[in-house]
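Colleague: The following block contains the structure, expressed as structure tokens.
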Amino acid sequence: MTDKPLEQRARTLYHEAARRIDPTTAGRLRAARREALAGTQHGHRPHHLARWLVPSGACAMIALAALLAWPSAPRPTAEAPATAATAAAAAGNGSETDNALPPDPEQADPNLYQNLDFYGWLAANDSQPPTH
């Protein structure tokens, strides 16, 4: 609130000095002002554009690198053993029943045969509703 008198005094001095300026100096000041305004209008666009291009390009490169580094869906290879899911998908497309025979042990994932007693217990207790 104490800056108000200082601001009014500075404004009064500025207007008083502007009235006392000679025409030659006023003309040079107007020319310098026009040049400065013309320079900011023409020179502002490339700087403004470059200011946005650099971060945008960096974000695009990060997105491309993330896309290339993200693991895609696994593709079966010739040396990878077939799993039970791929064997069931290859055997038929949903027309199998629950009584279908399991895949051959050579074609199935050996990890499926590790916990057969757990699968038996799970099948016996499957009819109970969940208690969440």
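Read the figures in this text as sums done on the coordinates, not as results from a lab. Small disclaimer: the values here were computed from a predicted structure and weren't measured. Here the Cβ positions follow ideal geometry from the backbone for every residue, glycine too, while neighbour counts run over all protein chains shown.
Colleague: If each of LEU116 and LEU53 carries a label point 7 Å out from its Cα toward its Cβ, how far apart are those two points in nm?
Modeller: Between LEU116 and LEU53, the simple spin-label model gives 6.9 nm.
Colleague: Where a ≥ b ≥ c are the square roots of the eigenvalues of the C-alpha gyration tensor, would you call the range 3-68 rounded, which needs a/c under 1.5, or, failing that, prolate if a/b is larger than b/c, or oblate?
Modeller: oblate
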